[in-house]
Amino acid sequence: MEGKRYNVQKTIAEINQKIKEGRAVIVTAEEMVDIVRDKGEIEAAKEVDVVTTGTFSPMCSSGAFINFGHSVPGIKASKVWLNGVPAYAGLAAVDIYIGCTEPREDDPLNKVYPGEFLYGGGHVIQDLVAGKPVLLKAEAYGTHCYPKKKFEKKVTLKDLPFAQLCNPRNAYQNYNCAVNVTTKTIYTYMGTLRPRMGNANYCTSGQLSPLFNDPYYKTIGIGTRIFLGGGVGYIISEGTQHNPDVPRTEKGIPKRPSGTIMVTGNLKAMTPRYLAGVSILGYGCSLAVGIGVPIPVLNEEIAMSTGVSDEDIVTQVIDYGLDYHMGKARPIAEVTYKELKSGQIKVDGKIVPTAPLSSYARAREIAATLKKWIQQGDFTLTEPQSTIPSSGTPFNN
């Protein structure tokens, strides 16, 4: 943004001062669509100070770092289970990481249907934030300083000395719309896909989704304070598989899976309403994560970005039956989120019913909650300490 002259120019410090004085104008991304459409981006930038966003959907690259406290005598845990779900223990003596897609070893459904799981790491995280007791088991080889070889106890989140949600890849900036062109039903992380394009599944909140509202990460970066899982979190890096250099629309919106963020926050401040374990038929376990990112409206360029609507956002229809697992994610169509949310799309002349894996209603809740926090002065904005990688200029295709 440096070197470019704008009709409206604000700073995050100025916006924070207005928040503290109760003068800031906060709207959700859904509300901003009409403001920009009716008044234009310059007037919208003058009027609005912060736009709040929201998304709630399965985000498989999620988990939590936990310290479960020292036993007497001490133990250097080499294997740990939480409610039968293995946690990674290759850290310090009583530090572990529980990944949301790790399944319970003795899952009763898996005994009947191999590969099917009712319960996994995401459910452990949900149980912890819900205040439920979780059975912790640890094994060790024993050392002079940590002689104990076995340890077992029930713990609650309150009992744990440390519990931090730390998700390597969340809030994907766009994602595929999945179909299946084969003659057999298939089971994927995008849900059950019926044969001969019997359905189409998609997985972002569209115009409310955080990274759609700042497509080149002009205000989002390392250190950005966010709504995470019902509490406060931070962006700590670009996420794994972050790929900003993809074809974009004239408004800069990626047409394919693009940016991602790595996030962290205090698990003890979160709620099960916005951190929910999920089981996906034929695929396994995951965690539905609620994220809301505030976008400071520093100028009319950002106002225009936050005014993006579902009809402006396009994504690719990908066949998961043959192409995807062979590494050939060839788009067979391109559709807008307005079409997806209508309940049906047309692909090769065929009308295909659509369904979201994400919850737009919960995304609305998140954006509205974050708006309320800011309006009440309970949440202020942070200056990014560093930007996350961006392609910088439109890559139209």
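Values quoted throughout were computed directly from the atomic coordinates according to the rules given, and no laboratory measurement underlies them. What you are looking at is a predicted structure, and each value in this text was computed from that prediction instead of being measured. Every residue, glycine among them, receives a Cβ derived from its backbone with ideal geometry; neighbour counts consider all protein chains shown.
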- Query: Using modelled backbone amide H atoms (1.01 Å from N, in-plane), which distant-in-sequence or interchain residues come within less than 5 Å of Ser358's amide H?
  - Reply: Thr204
- Task: Could you pull out every residue, at least 5 positions away or on a different chain, whose amide H is within less than 5 Å of the one on Val181? Hs are placed 1.01 Å off N in the peptide plane, and Pro or chain starts have none.
- Result: Met197, Tyr320, Gly321, Leu322
- Query: Counting Lys +1, Arg +1, Asp -1, Glu -1, what net charge surrounds Pro133 among other residues with beta carbon under 14 Å of its beta carbon?
  - Reply: +2
- segment 69-160: percent of C-alpha pairs farther apart than 24 Å? 23
- Message: Report the gain in length on full extension from Val181 to Glu152: 0.36 nm times residue separation, minus Cα-Cα distance, nm rounded to one decimal.
- Response: 5.5 nm
- Query: Roughly how many nanometres apart are two label points built 7 Å out from the Cα toward the Cβ at Leu118 and Asn7?
  - Reply: 6.1
- Query: Using alpha carbon centroids, what distance separates segment 40-85 and segment 337-397, in Å?
  - Reply: 18
- Query: Are any of the pairs Lys76/Lys137; Lys218/Lys371; Lys76/Lys153; Lys255/Lys371 more than 22 Å apart by Cα-Cα distance, and if so, which?
  - Reply: Lys255/Lys371
- Item | Alpha carbon centroid spacing (whole Å) that separates segment 116-155 from segment 281-308 | 33
- Relative intensity, log₁₀ I(q)/I(0), of the chain from a Debye sum that treats every alpha carbon as a point, q = 0.07, 0.13 Å⁻¹: -0.35, -1.08
- Helix 360-375 sits off the longest principal axis of the Cα atoms of the chain, rounded to the nearest 10 on a 0 to 90 degree scale, by 80
- Item | Computed Rg/Rh of segment 143-263, alpha carbon atoms with Kirkwood Rh | 1.14
- Among Ile98, Ile261, Ile332, Ile35, what is the fewest-to-most ranking by other Cβ atoms within 10 Å? Ile332, Ile35, Ile98, Ile261
- Stretchable slack from Asp38 to Arg194, in nm (0.36 nm times residue separation minus alpha-carbon distance): 52.0 nm
- Message: Between 0 and 90 degrees, rounded to the nearest ten: what's the tilt of helix 12-21 against the longest Cα principal axis of the chain?
- Response: 80
- Query: What residues of segment 141-166 lie in the reach of a label at Asn67, counting those whose backbone N is under 12 Å from a point 7 Å from the Cα along Cα→Cβ?
  - Reply: 160-164
- Residue span Arg23 to Ala92: 0.36 nm per residue of separation minus Cα-Cα distance leaves a gain in nm of 20.1 nm
- In degrees, nearest ten, helix 29-47 long axis to first principal axis of the chain (Cα): 50
- How high is the FRET efficiency from Leu109 to Leu135, r the C-beta distance, R0 25 Å, rounded to 0.05? 0.85
- Query: What residue among Glu383, Glu31, Glu14 shows peak mean-square fluctuation when the chain is described by a Gaussian network model with Cα springs under 10 Å?
  - Reply: Glu14
- Above-threshold pairs, the threshold being 25 Å between Cα atoms, out of Lys79/Lys154; Lys20/Lys338; Lys4/Lys39: Lys20/Lys338
- Scalar couplings 3J(HN,Hα) for segment 127-140 by Karplus 6.51 cos²θ - 1.76 cosθ + 1.60 (θ = phi - 60°), nearest whole Hz, x for Gly and Pro, are 4, 5, 5, 7, x, 7, x, 10, 7, 9, 10, 9, 10, 8
- Query: Can you run phi through the Karplus equation (6.51, -1.76, 1.60; θ = phi - 60°) for segment 159-166 and list ³J(HN,Hα) in whole Hz, with x for Gly and Pro?
  - Reply: 6, 6, x, 8, 8, 10, 5, 8
- Along segment 273-288, what does the Karplus equation 6.51 cos²θ - 1.76 cosθ + 1.60 (θ = phi - 60°) give for ³J(HN,Hα), rounded to whole Hz, x for Gly and Pro? 5, 10, 9, 10, x, 10, 10, 9, 3, x, 10, x, 9, 7, 9, 7
